Amino acid sequence: MTKLEQKQALETILFVATKSLSPKQLAEMIGGCETGLVRELVSELNAAYEKTDRVFRIDSVADGLQMHTLPELSLIHISEPTRLGMISYAVFC
């Protein structure tokens, strides 16, 4: 697996994860990857997110890593509960 593929795998895993995952867990899920590389990939992803003005980041949470929206966007709420089925729960975390 190339570094780009590892980065894409990491991003995908964190995007769909419902809880924080340790670098060791992430390395095992990606395969052929050490925890040091996971941290390096996270750093690269966060730099790319910041450079391109993305609204999400990957941060350390409870001994693990988790993707989330920027704190300044935490006040955005969906007012129609009937539409929640069409939006990922991750939007509200």
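The values are calculated or read from the model by the stated rules, or taken from the named source; none is laboratory data. Quick caveat, the model's predicted, so the values are computed rather than measured. Ideal geometry is used to build each Cβ from the backbone, glycine not excepted, and the neighbour counts take in all protein chains shown. Ligands, DNA and RNA are excluded from the accessible area calculation, which covers all protein heavy atoms including side chains. Shrake-Rupley method; radii C 1.70, N 1.55, O 1.52, S 1.80 Å.
At-a-glance table
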read-out	value
Candidates Glu44, Glu5 - the one that is part of a helix (DSSP H, G or I) and free of Cβ contacts under 8 Å to residues at least 12 places away in the same chain	Glu5
Enumeration of residues in segment 8-39 that are open to solvent by less than 50 Å² (accessible area, probe 1.4 Å), part of a helix (DSSP H, G or I) and in contact (Cβ under 8 Å) with a residue 24 or more places away in the chain	Leu10, Leu14, Pro23, Leu26, Ile30, Leu37, Val38
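Condition check ((1) at pLDDT 75 or above; (2) farther than 25 Å from Leu4 by Cα; (3) within 9 Å of the chain's Cα centre (by Cα); (4) open to solvent by less than 70 Å² (accessible area, probe 1.4 Å)) across all residues:
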| residue | (1), (2), (3), (4) |
| --- | --- |
| Leu41 | yes, no, no, yes |
| Asn46 | yes, no, no, yes |
| Glu50 | yes, no, no, no |
| Arg57 | yes, no, yes, yes |
| Val61 | yes, no, no, yes |
| Gln66 | yes, no, yes, yes |
| Leu70 | yes, no, no, yes |
| Ser79 | no, yes, no, no |
